[in-house]
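Asks: Before anything else, here's the structure in question.
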Amino acid sequence: MRVSGPDVKNVMAGLVTQALTPRHAHLCKLREKDGAVIDEGIAILFSAPSSYTGEDMLELYAHGNRIVLNQIVGRVLELGARMARPGEFTERAFHNNKLDLVQAEAVADLVDAVSDQAARSAVRSLEGEFSRRVNALLDKLIKLRMFVEGALDFPDEEAGFPGAANVGRGLESCLSELTDLIVRAKQGVVLKEGVTVVIVGRPNVGKSTLLNKLAGRDAAIVTDEPGTTRDLIEQDILVDDIPVHIVDTAGLRSTTNKAEVEGISRAITAAESADVLIMLIEYGQEPDVEEQKLLVKIGNNERTIVIYNKIDLAGMQPEIRQGGNGHTEILLSAKTGAGLELLVQHLKKILGMQIMSEDVFMARKRHLDALKRTTNLLERALEQHGRRTAPELLAEELRLAQQSLGEITGEFLPDDLLCEIFKNFCIGK
């Protein structure tokens, strides 16, 4: 149990009868108001500012009986404390400058990590790797702003302002760093939030078999009877350390069965919102009318994969090739697993995860959005600079870019967003 705040020592005095030396573990008796012993456990006092939250903090370690723990909590509340909000300990650490917002989010990301790579990336963010990159870029932007705003004192210069070439090079350098940061952030977002892969196709084409093969277990029922899958079957799996939310759907066909019609409708809706769409077709056949409509509706792009399944029946070898409409085609056998590695590697490629460097840090969509906004603002600033327009316009673009980038570490952040971030933490953090 963790207690933090200015009245910690009062709570400690009412619960523990012996004096506590800061940052030392003490075996002691935890007592009720009348002196009765609740339990014998460990108490550690952390004096401000040398604690996780930056405040006086008391940690209590007791036996794991729920009744005993409730009694201790009840006694702490009786002494003037209150129950913590989700993430409040980390939120206090943020407000007391013990860590920035990226590091605070990394605490929750480390707790929620579902793969080794995700855990390592969260630790890098917690140690400040992402923050250091962002802060270094912020320093560059601040220097550019100082230079440009200083030039406002020279409005009569015909050729812009002194040192204008340095500003151009500085903007290009910032944009180059942003490009690299966005690549890393995209990988971090995938590691944290995963991707949704939807499998569609006709009945009995092997959708459920492919799901089971990717999952490494029998997650979906496989039969020879058409229409076995009538609703969405969803599974969370790891594909080479990448969290994948995979969705098996009802077979696409004309039917009068109301349940199956609803299942097909849900399949199309899921396909339209998928991060990656896999259309499964039996080898030797071509997309029928319904499948062609879906491909046209979604658009033939790199995140649409057409798989020709059951190549084992035709004696064909696995192959990956470019389709005529812009999508990728893969020949494989979901039953035997032949060609499955081609699919896995292609998934990693289109998600930007094919080459995972050791310096990938955990990131969230809000970080990626901020980096993209900053990029757009700096591109506009570079355009303003190229036109040799008024320095005021360039200075404003740089100010907005600094503000956008500062949202990542919490330097500029609306209070309502801060509440939204911390409400998703567990109580103990």
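The values are calculated or read from the model by the stated rules, or taken from the named source; none is laboratory data. Note that the coordinates shown come from a computational prediction; the quantities given were computed from them, not determined experimentally. Note that we place each Cβ from the backbone using ideal geometry, even for glycine, and neighbour counts take in every protein chain shown.
Asks: Taking GLY128 as the residue in question, decide whether it is over 20 Å from ASP359 (Cα atoms) and not charged (D, E, K, R). If you could, list the steps in order and put the result at the bottom.
Replies: Numbers: over 20 Å from ASP359 (Cα atoms): no; not charged (D, E, K, R): yes.
Against the criterion (over 20 Å from ASP359 (Cα atoms) and not charged (D, E, K, R)), GLY128 does not qualify.
Asks: Now a separate question. Restricting to the stretch 340-380, and then to whatever is on the phi < 0 side of the Ramachandran plot and among the small types (Gly, Ala, Ser), can you tell me which residue is surrounded by the fewest Cβ atoms within 10 Å (Cβ to Cβ)? Can you show your working first?
Replies: In the first step, residues of the stretch 340-380 are kept if they are on the phi < 0 side of the Ramachandran plot; the result is 340-351, 353-380.
Among the residues that remain, those that are also among the small types (Gly, Ala, Ser) are: 357, 363, 370.
On the way: SER357: 8, ALA363: 29, ALA370: 21.
Out of the qualifying residues, it is SER357.
Asks: Let me ask something else about it. Is there a residue being surrounded by 13 or more Cβ atoms within 10 Å (Cβ to Cβ), under 15 Å from PRO203 (Cα atoms), at pLDDT below 80 and not small (Gly, Ala, Ser) anywhere in the stretch 291-298?
Replies: Yes, there is a match, as at least one residue in the stretch 291-298 is surrounded by 13 or more Cβ atoms within 10 Å (Cβ to Cβ), under 15 Å from PRO203 (Cα atoms), at pLDDT below 80 and not small (Gly, Ala, Ser).
Asks: OK, next. Can you find a residue that is over 16 Å from LYS207 (Cα atoms) and either surrounded by 15 or more Cβ atoms within 10 Å (Cβ to Cβ) or charged (D, E, K, R) (or both) anywhere in the stretch 301-311?
Replies: First pass over the stretch 301-311, keeping only residues over 16 Å from LYS207 (Cα atoms): 301-303.
Keeping just the survivors that are either surrounded by 15 or more Cβ atoms within 10 Å (Cβ to Cβ) or charged (D, E, K, R) (or both) gives 302-303.
Checked against the condition, which is being over 16 Å from LYS207 (Cα atoms) and either surrounded by 15 or more Cβ atoms within 10 Å (Cβ to Cβ) or charged (D, E, K, R) (or both), the stretch 301-311 yields at least one hit.
Asks: Since ALA48 meets every condition but one in (1) assigned to a loop (DSSP other than H, G, I, E, B); (2) in contact (Cβ under 8 Å) with a residue 12 or more places away in the chain; (3) under 18 Å from ASN96 (Cβ atoms), which condition does it not meet?
Replies: With (1) assigned to a loop (DSSP other than H, G, I, E, B); (2) in contact (Cβ under 8 Å) with a residue 12 or more places away in the chain; (3) under 18 Å from ASN96 (Cβ atoms) applied to ALA48, the lone miss is (2).
Asks: Let me ask something additional. Kindly list, by first and then second residue, each pair from a residue in the stretch 21-41 that is assigned by TED's automatic domain parsing to the domain that holds MET57 to a residue that is acidic (Asp, Glu), limited to pairs with Cβ atoms under 8 Å and residues at least 6 apart or on different chains.
Replies: Pairs that qualify, where the first residue is assigned by TED's automatic domain parsing to the domain that holds MET57 and the partner is acidic (Asp, Glu), are LEU27/GLU40; CYS28/GLU40; LYS29/ASP39; LYS29/GLU40; LEU30/ASP39; LEU30/GLU40; LYS33/GLU78; ILE38/GLU32.
Conditions tested, residue by residue: (1) touching a helix residue (DSSP H, G or I) at 6+ places or on another chain (Cβ under 9 Å); (2) modelled with pLDDT of 80 or more; (3) under 30 Å from ALA370 (Cα atoms); (4) not assigned by TED's automatic domain parsing to the domain that holds THR336.
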residue: PRO155; (1), (2), (3), (4): yes, no, no, yes
residue: ALA165; (1), (2), (3), (4): no, no, yes, yes
residue: GLU172; (1), (2), (3), (4): yes, yes, yes, yes
residue: LEU178; (1), (2), (3), (4): yes, yes, yes, yes
residue: ILE199; (1), (2), (3), (4): yes, yes, no, no
residue: GLY216; (1), (2), (3), (4): no, no, no, no
residue: THR228; (1), (2), (3), (4): yes, no, no, no
residue: ASP240; (1), (2), (3), (4): yes, yes, yes, no
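Asks: Let me ask something else about it. Quickly run through the stretch 399-429 and pick out the residues that are assigned to a loop (DSSP other than H, G, I, E, B) and at pLDDT below 70. Let's see the steps before the verdict.
Replies: Step one: filter the stretch 399-429 for residues assigned to a loop (DSSP other than H, G, I, E, B), giving 410-414, 423-429.
Within the stretch 399-429, LEU413, PRO414, ILE427 meet the criteria.
Okay, residues lined up against (1) surrounded by 22 or more Cβ atoms within 10 Å (Cβ to Cβ); (2) modelled with pLDDT under 90; (3) in a helix (DSSP H, G or I):
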site: GLY74; (1), (2), (3): no, no, yes
site: LEU77; (1), (2), (3): no, no, yes
site: ARG82; (1), (2), (3): no, no, no
site: ARG85; (1), (2), (3): no, no, no
site: LEU99; (1), (2), (3): no, no, no
site: VAL102; (1), (2), (3): yes, no, yes
site: GLU105; (1), (2), (3): yes, no, yes
site: ASP109; (1), (2), (3): yes, no, yes
site: ALA122; (1), (2), (3): yes, no, yes
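Asks: Could you tell me which numbered condition MET146 fails, if it satisfies all but one of (1) farther than 15 Å from GLY188 by Cβ; (2) modelled with pLDDT of 90 or more; (3) not hydroxyl-bearing (Ser, Thr, Tyr)?
Replies: Unmet condition: (2).
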